[in-house]
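So the structure is just underneath, and the comments pick up after that.
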Amino acid sequence: MAGRTRKQESQERGQDPRTREQETRSGARGSESGRQQQQQQHREEPAPQGRVARVRQWWSRAWGSAGHERHTLLLIGKSTLAATAAWVLSYNLLDAESPAFAPFSAVLIMQVTVYQSLLQSLRYVGAVAAGVAVQAVLGYLAGPDLLTFALVAVVALAIGRWPALGSQGSQVATAAFFAFSTYISAPAGIGKITHLGQIILLVLIGCGVGVVVNVALVPPLRYRSAEHGIHTLARTLCDLVSDIYPAMREGEMDEERISHWRGRAEQTGTLITQAENGLRTARESLYFNPRNRLGRHRGRKGFEGYGAVLKALERTMYQTASLTRSLDQWRQDGNGRDRRFLSGYADFLESVSRISQVLGQLDEDTLTDQARELCGLAEQAQECCRKVTEQAEQDGLPLTDPAYPYGVLVVESTRLMDEFQYTCDVLQQQVDQ
């Protein structure tokens with residue numbers, strides 16, 4: 001009810017007060033694109049439902065922010081390009097007997113971070129070389145019969161348990177099996193060795209193409225990769241929360257809509273892993289990148305502040321997923337206390353979206369101004385969080401009744417607020433140092 005009153009007042013004045021506040025902050029930063037992003041993310045109306053509408057929203061999120069959707073498109077595009085280039089080299093130029101090894105290898109080692117691509121490439125080439133070597137030795141000594149295949153399988157599977165190969169350990173047996181098939185079908189003599197060597201060559205081509213494509217399309221982020229992980233999680237959180245609070249304020253909490261929120265919240269595990277890898281890459285770049293001794297990066301100590309912020313955002317993502325699960329299990333009565341509670345909670349989530357939006361634009365060059373802005377937004381969010389608790393107590397909501405999610409939602413709001421307050425404090429401390 002409170003949300004509708006604010007909307008009516010803003011229509012009478014011709015402009016929403018939140019929009020004016022957002023434009024004022026954006027003007028202070030001098031960014032026209034920032035104003036557009038804020039207007040798009042802070043919604044007043046619930047997002048439309050239906051398959052076509054959701055497809056349109058998915059593409060809009062992919063285009064508008066570096067979240068799960070954009071990463072999915074980027075990975076598909078890079079993998080397609082790498083596989084196609086590897087196929088052209090292996091089939092059209094080399095006329096290989098088994099050209100599929102090259103594109104398969106290119107896609108297999110395609111990682112979001114270049115560091116992981118290099119690491120997995122080395123492990124994958126080592127695993128394939130080991131598998132082919134096992135087949136070459138045992139095939140030459142025992143011949144291509146069933147007993148030899150069983151022996152190849154035992155040895156390859158044992159080597160695949162070597163910890164140094166990591167997740168690529170299973171490729172030892174896979175390569176050995178393919179090599180056995182190639183060995184028995186190849187002509188006698190030197191032809192068998194040539195065909196086995198060609199497998200390793202194709203794998204090297206595929207891995208090389210994959211790494212080159214990854215470097216060319218997504219160059220190493222180095223120092224900015226620490227910010228990049230925070231940007232990704234914060235923008236994903238902002239997109240999700242910005243879909244929730246308008247529907248919550250208007251009372252449009254149908255089962256299909258809530259289930260969709262829950263699905264999106266539970267897809268963030270991969271993004272969290274990518275963010276951790278990005279931070280790890282940034283830390284490693286302090287030791288391996290000569291730029292560490294040049295320009296504004298000279299004497300940089302580390303990324304402890306960004307690491308703390310990232311961990312807080314990870315916990316926030318898990319708590320948001322818990323919040324959506326609670327909403328998914330809730331069957332509302334539609335009474336006045338439900339509407340008041342949801343309206344107050346929507347105000348709190350809107351304040352959360354404002355904080356996450358600023359985190360999604362975090363930049364070390366303007367960190368002083370952003371830290372000050374975040375502290376102000378955190379104070380507003382604290383006030384909204386207190387109002388949620390006070391409204392629940394005033395209406396006598398059954399906070400301890402497991403059949404209703406009031407208690408869980410109140411607890412989640414407190415936990416979310418604690419994490420965001422901690423994040424703001426960490427950034428302010430980093431600025432003050």
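Structure notes:
Okay, residues lined up against (1) more than 13 Å from residue 202 (Cα to Cα); (2) surrounded by fewer than 17 Cβ atoms within 10 Å (Cβ to Cβ); (3) at pLDDT 90 or above; (4) not β-branched (Val, Ile, Thr):
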site	(1), (2), (3), (4)
60	yes, yes, no, yes
65	yes, no, no, yes
124	no, no, yes, yes
128	no, no, yes, no
131	yes, no, yes, yes
142	yes, yes, no, yes
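- For residue 88, the conditions (1) at pLDDT 80 or above; (2) touching a Phe, Trp or Tyr at 6+ places or on another chain (Cβ under 6 Å); (3) part of a helix (DSSP H, G or I) all hold with the exception of (2).
- Here residue 151 passes the criteria (1) at pLDDT 90 or above; (2) among the hydrophobic types (A, V, I, L, M, F, W, C); (3) touching a His at 6+ places or on another chain (Cβ under 9 Å) except the one numbered (3).
- Applying the criterion of being among the hydroxyl-bearing types (Ser, Thr, Tyr) and closer than 18 Å to residue 106 by Cα to the residues of the range 165-216, the residue that is surrounded by the fewest Cβ atoms within 10 Å (Cβ to Cβ) is 167.
- Test: residue in the range 188-195 that is in a helix (DSSP H, G or I), at pLDDT below 80 and under 20 Å from the mean Cα position of the chain (by Cα): no
- Boolean, residue 230 is in a helix (DSSP H, G or I), open to solvent by less than 30 Å² (accessible area, probe 1.4 Å) and at pLDDT 85 or above: no
- Any hit, the range 402-415, residues being under 32 Å from the mean Cα position of the chain (by Cα) and among the polar types (S, T, N, Q): yes
- All conditions but one from (1) out of contact with any Phe, Trp or Tyr (no Cβ under 7 Å at 6 or more places or on another chain); (2) closer than 13 Å to residue 204 by Cα apply to residue 99; the one that does not is (1).
The values are calculated or read from the model by the stated rules, or taken from the named source; none is laboratory data. Being a predicted model, the structure only gives us computed values, none of them experimental. Heads up, the Cβs are rebuilt from the backbone with ideal geometry, glycines too, and the neighbour counts pull from every protein chain shown. Each accessible area value is taken on the protein alone, full model and side chains, heavy atoms only, with ligands, DNA and RNA left out. Shrake-Rupley method; radii C 1.70, N 1.55, O 1.52, S 1.80 Å.
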